[in-house]
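Below: one structure, written as structure tokens.
Read-outs: derived from the displayed coordinates by stated rules, not from any lab. The structure presented is a predicted model; accordingly, all values stated were derived computationally and were not measured. Don't worry about glycine lacking a Cβ; one is built from the backbone with ideal geometry, like all the others, and counts go over all protein chains shown.
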Amino acid sequence: MRNRLSFSRVLVACVVLGIPAAALYGGPTPGLWKTGDGDEEFFVTSDGAHVEKFAITLTVTGCGTYKITHMNVVPIIDNAFSFAGPFYAQGTFSSDTSASATCGLDHYDITGCGVVSGGPWTEDVVCSGCIPAPTYTPAHSTPTPTHTPVPGSFLDAHTSSGSPAAGDPFSVRVNVQPIEQAFDAWGVIFGPAGAIHSFVLNNPGALVPGAVPLATNVPRLGTAYDGSLLDLPAIPQGVQGTYRIIVGLVPAGVPPTDAGSAIPGYVDTENVTVR
């Protein structure tokens with residue numbers, strides 16, 4: 001059990017997993033997933049498409065032992081999930097019964113104890129008691145992995161490369177299908193050491209620090225939108241590391257807390273490692 005927390009005002013960095021997602025033919029197996037010591041656990045829903053009740057058990061020096069649970073349902077997209085806030089986490093499924101998850105606390109208020117920060121902690125997680133799905137092997141050829149929108153997804157963010165090098169050109173584009181609902185649009189990059197930047201609509205050469213919406217109070221989208229969010233002629237030197245890009249629509253006026261805040265089907269994530 002963890003006993004590594006102390007009262008701190010240091011911002012805990014959001015760490016992005018650089019583990020490539022395996023080709024999953026059945027997706028993550030529904031059921032309870034947990035670490036070997038049981039300090040982290042979550043459930044994969046019966047449809048294999050969401051994570052719920054992500055929880056950590058920890059000991060705070062001078063206060064006691066607590067179990068902290070994220071109650072919102074979080075979508076699994078491209079074999080990965082994430083949520084942000086004072087209690088944050090993200091994970092990547094490497095097979096139908098195994099995954100790696102990172103979580104932590106960033107000024108989390110524990111009743112009767114105070115504001116606590118700690119982590120991030122990264123651990124292997126397995127599906128407890130699950131039976132792995134059979135692995136499909138093509139008879140004649142092995143397909144080359146490509147980015148494919150998740151079935152039922154109406155927003156697709158795609159990058160020019162998943163592992164560019166400094167000096168390479170790099171771009172991010174997004175395609176959004178029509179929606180008859182008022183929304184706010186967000187496009188955020190989570191980088192190494194907790195850095196957060198946002199795209200600027202109609203200005204693909206710019207990024208702004210922090211989490212800032214692309215557009216707010218859009219009444220509807222009558223026709224499909226396809227546009228560039230970022231277009232760099234060359235990635236600058238000194239920015240090596242792993243980045244997580246999240247683009248999504250949320251109901252108008254609703255501040256997003258994690259990917260689960262998005263309008264269903266209107267969120268996508270991409271992981272990019274700059275060499």
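The calculated FRET efficiency for the pair Glu180 and Thr61, based on their C-beta separation and a Förster distance of 35 Å, comes to about 0.10. Per the Debye formula on identical point scatterers at the alpha carbon atoms of the stretch 160-275, with no solvent, log10 I(q)/I(0) at q = 0.16, 0.20 Å⁻¹ is -0.74, -1.11. If you take the Cα centroid of the stretch 220-243 and the Cα centroid of the stretch 155-185, the two points sit 6 Å apart. Per-peptide packing, taken as the mean over residues of other Cβ atoms within 10 Å, places 97-104, 115-122 in the sequence 97-104, 115-122 from highest down. Between Ala195 and Val254, the modelled label-to-label distance comes to 3.2 nm, taking each label 7 Å out from Cα in the direction of the beta carbon. When the alpha carbon gyration tensor of the stretch 68-115 is reduced to an equivalent ellipsoid, the three semi-axes, largest first, read 25, 10, 9 Å.
Note on Asp109 and Val212: with the Förster distance fixed at 30 Å, the Cβ-Cβ geometry gives a FRET efficiency of about 0.75. Peptide packing for 173-180, 261-268 was compared via the average number of neighbouring C-beta atoms within 10 Å per residue; ordered from the highest value, the list is 261-268, 173-180. Restricting the calculation to Cα atoms, the stretch 203-248 yields a radius of gyration followed by a Dmax of 13.8, 41 Å.
Specify whether the C-alpha gyration tensor of the stretch 223-275 places it in the rounded, prolate or oblate class, a ≥ b ≥ c being the square roots of the eigenvalues: rounded for a/c under 1.5, otherwise prolate if a/b is larger than b/c and oblate if not. Prolate, since a/c reaches 1.5 and a/b exceeds b/c. Estimated from the Cβ-Cβ distance and a Förster radius of 45 angstrom, the FRET efficiency linking Arg220 and Asp37 is about 0.40.
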